1. When you check M189 against the structure, is it in contact with a Cys (Cβ under 6 Å, 6 or more places away or on another chain) and at pLDDT 95 or above, yes or no?
2. Of the residues L88, L96, L136, only one is of a type outside the set (V, I, T) and touching a residue at least 12 places away in the same chain (Cβ under 8 Å); which?
3. Step by step: first the residues of the range 18-57, then only those that are among the aromatic types (F, W, Y) and surrounded by fewer than 23 Cβ atoms within 10 Å (Cβ to Cβ), then the one that is modelled with the lowest pLDDT. Which residue is that?
4. Identify, from the list I104, I127, I122, the residue that is among the β-branched types (V, I, T) and buried (at least 23 other Cβ atoms within 10 Å of the Cβ).
5. Mind listing whichever residues of the range 285-326 are among the hydrophobic types (A, V, I, L, M, F, W, C), crowded, with 20+ Cβ neighbours inside 10 Å and modelled with pLDDT of 90 or more?
6. Taking into account only those residues within the range 190-220 that are aliphatic (A, V, I, L, M) and surrounded by fewer than 24 Cβ atoms within 10 Å (Cβ to Cβ), which is farthest from A50 (Cα to Cα)?
7. Among the residues of the range 119-131, which ones are assigned to a helix (DSSP H, G or I), aliphatic (A, V, I, L, M) and at pLDDT 95 or above?
Amino acid sequence: MTLTADLLVAVAFAFAFSIGAHYTGACMGMPYAAGAIRPWNALLLMAPLAFVGAAFASGHVEATVGHGLLGGGTVALGVALAIVASALVLTSAYNLVTIPTSTIQILVFATVGAGLAAGLPIQWATIGSLVVLWALAPFAAFALGFLFVRVADRYRPPRPSRNGGPRPAFGNSAALALVGVGAAASFAMGANDVSNASGAFVMTGLFGLFLAGVVGGLGLALGVLTWGRPLLQRVAFDLVELDPRMATASQLAQSTVILVSVALGFFTSMNQALVGAMIGAGIARRRSTVLWKPIRSILLGWAAGPVSGATLGFGLVWALTQLHVL
């Protein structure tokens with residue numbers, strides 16, 4: 001491989017590593033917060049499942065990133081490198097301040113910015129479909145989170161506590177269910193998010209769909225194991241006051257939305273789906289469960305992500321072009 005190709009592989013792997021850490025809270029934060037699993041066990045469970053999802057269930061999304069965002073055939077290695085580098089820098093910056101943002105939105109708009117700077121045709125129909133999905137996904141997760149809690153409470157009402165509030169029983173079966181939906185979310189994350197990093201391999205023709213998923217999946221797993229705990233702590237304890245049933249419903253709603261999106265060849269934000277599901281679960285109980293102050297900071301991050309992605313992607317490609325590197 002050329003030096004540019006080697007750099008692309010290295011940067012994409014580093015980005016996958018960052019993504020793995022970034023989404024530990026979105027996948028295993030609920031089981032950890034409810035005390036169903038210890039933090040290290042959560043990471044050990046999540047890492048291999050994220051790899052399996054990336055290697056064996058990401059093909060449709062890899063194809064969308066590789067062929068559906070930019071037109072004009074194979075993308076130059078330098079342009080792909082600028083896209084992945086932009087997304088890596090921004091995601092890492094958000095990780096450092098422990099603000100869960102949408103890595104997908106950063107990546108897609110970095111691709112748009114880089115494509116515009118390079119004079120490549122943008123597949124606006126695909127971009128539009130993704131934006132519609134991103135708008136709908138939190139509401140779908142909200143509805144599912146609300147529905148799951150209401151159905152569960154109807155068939156097995158929570159026992160009242162001494163002060164009159166609900167006092168959910170949290171036995172072995174509840175712990176197992178909560179860990180199970182966390183495991184499903186981990187698999188879904190691998191399938192949904194690996195193409196943020198490894199879609200560039202498909203975009204340039206460097207690797208095929210399966211090998212791109214494997215390489216990216218290894219980066220995800222390593223990121224989960226080595227840098228994931230701060231984000232696990234953030235989502236687990238700063239965002240929501242929950243009981244095990246609400247946590248299970250929220251995680252199940254999130255996983256359902258993500259896996260349906262992946263099956264259709266699209267990808268959407270794990271964090272947005274989770275927060276939407278948590279709000280729905282809280283409203284189903286008619287009590288304030290969501291802590292709005294940290295959520296407002298996350299919403300700010302979601303708003304800044306696409307703008308910063310497009311700006312940095314465009315700027316890097318423009319600068320490299322002016323320097324006659326591209």
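The values are calculated or read from the model by the stated rules, or taken from the named source; none is laboratory data. Note that this is a predicted model, so its numbers are computed, not measured. Every residue, glycine among them, receives a Cβ derived from its backbone with ideal geometry; neighbour counts consider all protein chains shown.
1. Values: in contact with a Cys (Cβ under 6 Å, 6 or more places away or on another chain): yes; at pLDDT 95 or above: yes.
Here the answer is yes, as M189 does meet what is asked.
2. Details: L96 fails: touching a residue at least 12 places away in the same chain (Cβ under 8 Å); L136 fails: touching a residue at least 12 places away in the same chain (Cβ under 8 Å).
None of the other options fit; the residue is L88.
3. W40
4. On the way: I127 fails: buried (at least 23 other Cβ atoms within 10 Å of the Cβ); I122 fails: buried (at least 23 other Cβ atoms within 10 Å of the Cβ).
Answer to the check: I104.
5. Correct list: A310, L312, F314, L316, V317.
6. Going through the range 190-220, the residues aliphatic (A, V, I, L, M) turn out to be 191, 194, 197, 200, 202-203, 206, 209, 211-212, 214-215, 218, 220.
The next check asks that each one be surrounded by fewer than 24 Cβ atoms within 10 Å (Cβ to Cβ); those that pass are 206, 209, 211, 214-215, 218.
Values: L206: 23, L209: 16, L211: 15, V214: 11, V215: 12, L218: 9 Å.
Checked the range 190-220; the qualifying residue farthest from A50 (Cα to Cα) is L206.
7. We begin by selecting, within the range 119-131, every residue assigned to a helix (DSSP H, G or I); these are 124-131.
Narrowing further to those that are aliphatic (A, V, I, L, M): 125, 127, 130-131.
Scanning the range 119-131 gives A125, I127, L130.
Condition check ((1) in a helix (DSSP H, G or I); (2) over 16 Å from M270 (Cβ atoms); (3) within 18 Å of the chain's Cα centre (by Cα)) across all residues:
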| site | (1), (2), (3) |
| --- | --- |
| V181 | yes, no, yes |
| L206 | no, yes, no |
| F210 | yes, yes, no |
| G213 | yes, yes, yes |
